[in-house]
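Asker: Can you read through this structure? Questions will come right after.
Read-outs: derived from the displayed coordinates by stated rules, not from any lab. As the structure is a computational prediction, the values presented were derived from the model and not from experiment. Neighbour counts are summed over all protein chains in view; Cβ atoms, including those assigned to glycine, are modelled from backbone coordinates with ideal geometry.
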Amino acid sequence: MQVMVINGPNMNFLGIRQPEIYGKATYNDLTDMIQAEADRLGVSVRFFQSNHEGELVDAIQEAYFDKTDGIIINPAAYTHTSVALLDAVKAVGIPTVEVHISDPDSREAFRHVSYIRSACAATIKGHGLEGYLEALRLLSDTVRK
Ligand code: CA2
């Protein structure tokens with residue numbers, strides 16, 4: 001089983017800025033944590049981070065062409081703006097879990113809208129980095145059934 005983990009704009013700043021919201025762990029710590037859980041579950045995992053909307057669309061399409069079984073995506077700010085990412089997830093038809101480190105629904109009003117949510121099998125929010133591991137376990141359970 002193959003899973004692609006996609007992170008959107010500024011996620012490479014994890015652990016560098018705003019630790020009070022996003023914690024002290026870095027983007028590399030995040031990928032290490034996910035890799036360790038993937039190894040435990042026997043899942044093959046790939047990572048992609050970009051600050052560019054079109055590159056995120058390309059990554060979602062690549063998941064389709066590579067026959068990826070599941071996608072974990074934190075679209076970051078594009079959660080709240082991007083019809084292109086919604087359309088891409090709908091187009092590829094791959095089970096996708098939306099993850100947010102914080103809980104956008106308890107923050108500013110502009111973060112309450114998620115365009116991508118309606119195309120996702122689940123949304124995990126406000127569980128910190130652990131949310132990515134929950135998403136991986138969820139996809140592993142779903143795809144294997
Ligand atoms: O809580 C989340 O995971 C978010 O997707 C993070 C986004 C934000 O726009 C969403 O509303 C909620 C922002 C992520 C990147 O910004 C950072 C800035 C400094 C340090 C780490 C991340």
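Asker: Viscosity 0.890 mPa s, temperature 25 °C: give me the Stokes-Einstein translational D for the stretch 38-84 in µm²/s, with Rh taken as the Kirkwood radius over C-alpha pairs.
Answerer: D, rounded to a whole number, is 205 µm²/s.
Asker: Additional query: Order these by the 10 Å Cβ neighbour count, fewest first: Met4, Met11, Met33. The partial results should precede the final answer.
Answerer: Values: Met4 22, Met11 19, Met33 16.
If I rank by nearby Cβ atoms, fewest first, I get Met33, Met11, Met4.
Asker: Continuing with this model, one more query. What Kirkwood Rh does the stretch 57-145 have if only Cα atoms enter the pairwise 1/r average? Answer in Å. Walk me through the numbers on the way to the answer.
Answerer: Details: mean 1/r = 0.0759 Å⁻¹.
Evaluated over the stretch 57-145, this radius sits at 13.2 Å.
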